[in-house]
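**Q** The structure under discussion is supplied below as structure tokens; questions concerning it will follow.
The values are calculated or read from the model by the stated rules, or taken from the named source; none is laboratory data. Quick caveat: nothing in here was measured; it's all calculated off a predicted structure. Ideal geometry is used to build each Cβ from the backbone, glycine not excepted, and the neighbour counts take in all protein chains shown. Heads up: the accessible areas ignore ligands, DNA and RNA and are worked out on the full protein's heavy atoms, side chains in. Shrake-Rupley method; radii C 1.70, N 1.55, O 1.52, S 1.80 Å.
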Amino acid sequence: MQYFSSATEYVSCIGERTLILRDQGRTKIKSFHLLSSKYDCIDLNRNSISSLSGFPLMPRISSLFLADNNIFTISYYISIFMPSLKCLNLHNNRISNIDQLKPLFFCKKLEHLIIDENPITQHPKSPGDKTFCQDLRAKIIAGIPSLRFLNYLHISR
């Protein structure tokens, strides 16, 4: 557990066992097999992680916070290794196209997704183009039927 010696853990107000690993300069997701299935939530905000991959089977994880990293790759195994994932925060990473999000289409329980401040949400040809944003939103909602909130906005069906 020395790899996690600087981590903080607590039980949140909604009863989630949470592990805080933010601001640690991590570049990869590794050694998580040492945690067993102890946590519901892992906070990896403000690190330097570029790939959402390398997780072992973590059936309890329901929330994963990865804001302010460098993520541009998401493993197709995320739905297998985190079958209970409900909330994923990818705010301010390097997601630039819908294909990079397609592995999330297999996350059957994903309800909250945050991808704001990624290149994909800031179309280079026409910043603020509402049509582009609406098309992107529609594609994500169609791909993840369980989604209830996208970028903090409620999805009405």
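**Q** When the chain is fully extended, how far beyond the present Cα-Cα distance does ASP135 get from GLU16, taking 0.36 nm per residue of separation?
**A** Here the segment from ASP135 to GLU16 would lengthen by 39.4 nm.
**Q** With the crude spin-label approximation of a point 7 Å out along Cα→Cβ, what separation in nm comes out for ALA142 versus LYS108?
**A** Reported label-point gap for ALA142 and LYS108 is 2.3 nm.
**Q** Please get the size of the charge dipole for the chain, origin at its Cα centre, with Cβ charges of +1 on Lys and Arg and -1 on Asp and Glu, quoted in debye to the nearest 20.
**A** Here the chain has a charge dipole of around 320 debye.
**Q** If I stretch the segment between ILE98 and ARG26 completely, what's the gain in nm (0.36 nm per residue apart, minus their alpha carbon distance), one decimal?
**A** Full extension of this stretch gives 23.4 nm more.
**Q** Which entries in LYS28/LYS109; LYS86/LYS139; LYS109/LYS139; LYS38/LYS102 show an alpha-carbon gap greater than 23 Å?
**A** With Cα atoms farther than 23 Å apart: LYS28/LYS109; LYS38/LYS102.
**Q** Within the chain, what percent of beta bridges assigned by DSSP are antiparallel, to the nearest 5?
**A** 25 percent
**Q** Considering only protein heavy atoms and a probe of 1.4 Å, how much of the accessible area of the chain is carbon and sulfur, as a whole percent?
**A** So the carbon and sulfur contribution to the accessible surface is 55 percent.
**Q** While we're on this one: Hey, what's the Kirkwood Rh for the chain if you take every pair of different alpha carbons, in angstrom?
**A** 16.0 Å
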